Amino acid sequence: MRQKIAAGNWKMNLTLPEARQLTQEIKHHKIPKDVNVILGCPSPFLYMMNSLVEKTDRLNIAAQNCNNNDSGAYTGEVSHSMLSSVGVNYVIIGHSERREYFNESNKLLKEKINTLIANGFKIIFCCGEPLKIRKAKTQSNYVLNQLQQSLFHLTSDEMKQIIIAYEPIWAIGTGLTASPAQAQQMHSFIRKQLNSKYGKATSEATSILYGGSVKPGNAKELFSMKDVDGGLVGGASLKPEMFKNIINAF
Ligand code: PGA
């Protein structure tokens, strides 16, 4: 069975005391047995947040980015060995904000994925179309292209390290959510692509999360869709009560 995942993406929010408080609240929440919770923390907090949760089952910390190079003169960047050395083994890669504001291309994301796969990380790989593409009804091809250019060179063994997050850009932080039917349609499309590329075992084992204005009020319906295995949650993951309700929504 596929993993059910509630992942938070804190983005560039919170101070250390706030992050500690939020993590403590999630840590003391009874996480359902079949759910994995991942908290996407800003870099300066990774070490401490990981120390807080390392003995808690089904609760993990993710970095929000990682450089594709092993080390060197890349001022301001974070390497895979830095992440490993503070006990982090999940990374969010290809978020639309990184693609848009930091010009991360499909090609660069492929390099980041290769570096992280080779070093044993689990990756939450984000894909999703902007509004213009959705209006033109070409979103399936757009997402397929993102998968083909950054992900589909991996072997089926390597795909075990991948969690896919479908995040339509028009739904991120806008309060607009894809309807459960729209989410299901894209998730089922992605799973079919996984099936034709890698076969049934891989396509059935890969978790596909939905992201874009997930809230306690819509999580249950979204997560009840056949191919929606959880959520990547931005705004609502900053509020402990909201995020706990999302964790309970499976
Ligand atoms: P949102 O963000 O839940 O605030 O829309 C989701 C994301 O960007 O991962």
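The values are calculated or read from the model by the stated rules, or taken from the named source; none is laboratory data. Values in this document were obtained by computation on a predicted structure and should not be read as measured data. Note that each Cβ is placed from the backbone with ideal geometry, even for glycine, and that neighbours are counted across all protein chains shown. What goes into the accessible areas is simple: the full protein's heavy atoms, side chains included, and nothing from ligands, DNA or RNA. Shrake-Rupley method; radii C 1.70, N 1.55, O 1.52, S 1.80 Å.
Only a single criterion out of (1) more than 16 Å from the ligand (Cβ to nearest atom); (2) within 21 Å of R98 (Cβ to Cβ); (3) among the acidic types (D, E) is not satisfied by E167, namely (1).
Selection within the range 97-121: residues that are closer than 19 Å to K11 by Cα and open to solvent by 20 Å² or more (accessible area, probe 1.4 Å). The member of this set that is farthest from the ligand (Cβ to nearest atom) is N103.
Exactly one residue out of Q193, Q149, Q185, Q161 is in contact (Cβ under 8 Å) with a residue 40 or more places away in the chain, away from the ligand (no atom under 16 Å from the Cβ) and within 21 Å of L222 (Cβ to Cβ), and it is Q193. None of A236, A171 is at pLDDT below 95 and either open to solvent by less than 40 Å² (accessible area, probe 1.4 Å) or within 27 Å of N106 (Cα to Cα) (or both) except A171.
Is there a residue in the range 198-207 that is within 16 Å of the ligand (Cβ to nearest atom) and either open to solvent by 10 Å² or more (accessible area, probe 1.4 Å) or more than 14 Å from the chain's Cα centre (by Cα) (or both)? No, the range 198-207 contains no residue that is within 16 Å of the ligand (Cβ to nearest atom) and either open to solvent by 10 Å² or more (accessible area, probe 1.4 Å) or more than 14 Å from the chain's Cα centre (by Cα) (or both). Among the residues of the range 131-147, those identified as under 23 Å from N9 (Cα atoms) and either open to solvent by less than 40 Å² (accessible area, probe 1.4 Å) or of a type in the set (S, T, Y) (or both) are V143, Q146, L147.
Answer with yes or no whether Q184 is open to solvent by less than 40 Å² (accessible area, probe 1.4 Å), of a type in the set (S, T, N, Q) and in contact with a Lys or Arg (Cβ under 9 Å, 6 or more places away or on another chain). So Q184 passes the test.
Residue-level check: of (1) touching a residue at least 40 places away in the same chain (Cβ under 8 Å); (2) part of a strand (DSSP E or B), L108 misses just (2).
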